[in-house]
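Worksheet for the structure shown next.
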Amino acid sequence: MERGKMAEAESLETAAEHERILREIESTDTACIGPTLRSVYDGEEHGRFMEKLETRIRNHDREIEKMCNFHYQGFVDSITELLKVRGEAQKLKNQVTDTNRKLQHEGKELVIAMEELKQCRLQQRNISATVDKLMLCLPVLEMYSKLRDQMKTKRHYPALKTLEHLEHTYLPQVSHYRFCKVMVDNIPKLREEIKDVSMSDLKDFLESIRKHSDKIGETAMKQAQQQRNLDNIVLQQQPRIGSKRKSKKDAYTIFDTELESTSPKSEQDSGILDVEDEEDEEVPGAQDLVDFSPVYRCLHIYSVLGARETFENYYRKQRRKQARLVLQPPSNMHETLDGYRKYFNQIVGFFVVEDHILHTTQGLVNRAYIDELWEMALSKTIAALRTHSSYCSDPNLVLDLKNLIVLFADTLQVYGFPVNQLFDMLLEIRDQYSETLLKKWAGIFRNILDSDNYSPIPVTSEEMYKKVVGQFPFQDTELEKQPFPKKFPFSEFVPKVYSQIKEFIYACLKFSEDLHLSSTEIDDMIRKSTNLLLTRTLSNSLQNVIKRKNIGLTELVQIIINTTHLEKSCKYLEEFITNITNVLPETVHTSKLYGTTTFKDARHAAEEEIYTNLNQKIDQFLQLADYDWMTGDLGNKASDYLVDLIAFLRSTFAVFTHLPGKVAQTACMSACKHLATSLMQLLLEAEVRQLTLGALQQFNLDVRECEQFARSGPVPGFQEDTLQLAFIDLRQLLDLFIQWDWSTYLADYGQPNCKYLRVSPVTALALLEKMKDTSRKNNMFAQFRKNERDKQKLIDTVAKQLRGLIGSHHS
């Protein structure tokens, strides 16, 4: 019964809950219905709730049906409109669907197109980069193609020009490409090929002339040399009569004797007469070496046929080619003088033949053509000489080359060719000659300085004395009065170096001969070259000797003495140059010799090296110092190492007797200052943590030994106790500690006349700390003795006051 009632009560509760949920569903917004429905599913009466819900739905359907019946007509109209809207909506849906499909279709194509565009842009960039690279490469390829075309058409000279442009202008821009490297490797082969093919293109007659142009040029230069020698003899006998230049009329008298007898219609076809190498008294002329009849005959035939211009052009063209070949110097021309002589002989022979053709034919060649060839020859000859002479390292070869160039120029000037540019180029070679001389003399000076014993020159007889004085201008009345044997103050390298400087001046003078220079120009050239010898070559040699690692103080002292005497000799070098050039030093624009500066610099370097070596020697002795800083014994003599050091310094400064006083004084003061500084560092170094009064007494003995050395005047010239002042810092510091005069130090500190003016509180405190630590360690039981306790208190008090002084100084 009770169960029935309970079930009924639960049923009523469930029904009420379901009713409430239904009301909430009906009244709640659709978006918030979730929590309400969850409460249904959380319960166990889900089926009953569904029945309730169905019942409520049917009730609402009936209400709707009633309402619809009430509003039926409007409902029908609305349904009708709704159906129409549904159709339109369906159409709209179809249109949207179709549009979407088309859009998707078109979008795919667009995506594909965009991807293709991206690839195209990438290809475009690659193509652009490729085009840029090709634009760099195409000129190279075009020039190379042009080069090959020129070679195929046997236009060898333009091909060389093209090759030059290709090598120096175009190929460097694209040198990182492999084909360019192949081209670069082929360039020497191409040059050789051009040379070989060009040589093979010469014709019989022109080839024969080329073979004999060497002999023709040699003959012409011999005649010019003979005439110049004759003129020199005449000038020596009659200075105001005659001329060094042979007239052109005389040249043709020699070369063209009986020229009229040579028939232009000769039937000889060989073109060249056999010439023996025997030297007769009469030097043969050009017509004796070459048979010009083939030229005359061909000219005559072409004139008759009306093709004279063609023949002239052909002849000139072939001769131009031959000129280029003649002007091409052999690669090893710079090795011997014969190479240059053969080169000049060929050029002279070529222009002697052309000059002969100019004066024996009517118009085959003209002066404009000859001048054009000569301009080309002049420029190429000068360029070749500049190039090959730069390889010459032997000044004798350069000098011989200069004489050969002068003869070459004089020979061609006889035939009316302007040669001023050759003499201008000789001035350039003069600079190179000076450089080769400087290199040669650098070796000479090096050998002299290396072989010197750096000892004064001993002489045992008047003959030896005069020999040295003859080599070097030296005057010393006192030395002359001394009996033999005696010694010069300088070593052997002084007269040797002086003599070599004069030899250098002579070598410079040789080059200026026959260059048609004024005395002023020759003087200026010699002085400039000599200045280079002194300021660069000799200066470097001296500096190298001074900077050697194993050089000793004796050698350095001797170098200072030697450079002093060489400096004094510079005025004699000035007089020597004046005598050989006849140009007074007072002349305007005359250069001055800079030897004084050179020798002063070398002397200063040697002085600095002496100071450095002395300090190094002092450091080596100080490394032998072996102080027992904890000793309690009072010594009675200076340390052995210091005694040895003082003995070394005395013997060293004894060698300085011949040095200038200032140098010896500076070296002595520098050594004493360095010694004092090093001793101070030794006393205060961090490794010495403790020291006793006995050790300080021993150190004081060493400092007294140093002061005694300073008072003894090891080097004359110091005033009173000037040298002793180098040890004043050590002296005041040691006096303060040995005399234990702290009251005076602390009372007078900071006053200008303070007794311990050179003792800083920092130094005093550092040394005091070392003694304080020693006192504490060695007197562990000293606290039981009143005197020791008082002393310890005094040290602590002094240390405290010193710290106060340091703090006030910093503040």
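Some points to look at:
- Summed over region 145-178, residues that are open to solvent by 50 Å² or more (accessible area, probe 1.4 Å) and either more than 33 Å from the chain's Cα centre (by Cα) or closer than 25 Å to Lys317 by Cβ (or both) total 13.
- Subset of region 675-698 (residues that are touching a residue at least 40 places away in the same chain (Cβ under 8 Å) and under 53 Å from the mean Cα position of the chain (by Cα)): Leu675, Ala676, Ser678, Leu679, Met680, Leu682, Leu683, Leu684, Val688, Arg689
- Residue within region 468-484 that is small (Gly, Ala, Ser) and open to solvent by less than 10 Å² (accessible area, probe 1.4 Å) present: no
The rows are residues; the columns are (1) of a type outside the set (A, V, I, L, M); (2) within 39 Å of the chain's Cα centre (by Cα); (3) open to solvent by less than 90 Å² (accessible area, probe 1.4 Å).
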position	(1), (2), (3)
Ala606	no, yes, yes
Asn613	yes, yes, yes
Gln616	yes, yes, no
Gln623	yes, no, no
Met630	no, no, yes
Asp633	yes, no, no
Ser639	yes, no, yes
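- Hey, Leu734 within 60 Å of the chain's Cα centre (by Cα), crowded, with 16+ Cβ neighbours inside 10 Å, within 21 Å of Thr677 (Cβ to Cβ) and at pLDDT 85 or above or not: yes
- Applying the set (1) under 27 Å from Ile577 (Cα atoms); (2) surrounded by 13 or more Cβ atoms within 10 Å (Cβ to Cβ); (3) at pLDDT 85 or above to Asp452 leaves exactly one unmet item: (1).
- Qualifying residue in region 711-722 (condition: open to solvent by less than 50 Å² (accessible area, probe 1.4 Å), part of a helix (DSSP H, G or I), touching a helix residue (DSSP H, G or I) at 6+ places or on another chain (Cβ under 9 Å) and of a type in the set (A, V, I, L, M)): no
- Pro172 vs. criteria modelled with pLDDT of 80 or more, in a helix (DSSP H, G or I), more than 30 Å from Ile405 (Cβ to Cβ) and touching a helix residue (DSSP H, G or I) at 6+ places or on another chain (Cβ under 6 Å): no
- One residue stands out in region 641-655 among those that are closer than 10 Å to Phe621 by Cα and of a type outside the set (A, V, I, L, M): the one that is surrounded by the fewest Cβ atoms within 10 Å (Cβ to Cβ), namely Asp644.
- Selected residue (criterion: farthest from Ile64 (Cα to Cα)) from residues of region 74-99 that are at pLDDT 85 or above and open to solvent by less than 80 Å² (accessible area, probe 1.4 Å): Asp98
- Filter result (more than 20 Å from Ala507 (Cα to Cα), in contact (Cβ under 8 Å) with a residue 60 or more places away in the chain and not aromatic (Phe, Trp, Tyr)) within region 401-433: Asp410, Thr411, Leu412, Gln413, Val414, Gly416
- Residue within region 127-137 that is more than 23 Å from Leu171 (Cα to Cα), surrounded by 10 or more Cβ atoms within 10 Å (Cβ to Cβ) and β-branched (Val, Ile, Thr) present: no
The values are calculated or read from the model by the stated rules, or taken from the named source; none is laboratory data. Values in this document were obtained by computation on a predicted structure and should not be read as measured data. Don't worry about glycine lacking a Cβ; one is built from the backbone with ideal geometry, like all the others, and counts go over all protein chains shown. Note: accessible area is taken over every heavy atom of the protein model, side chains too, but ligands, DNA and RNA are not part of it. Shrake-Rupley method; radii C 1.70, N 1.55, O 1.52, S 1.80 Å.
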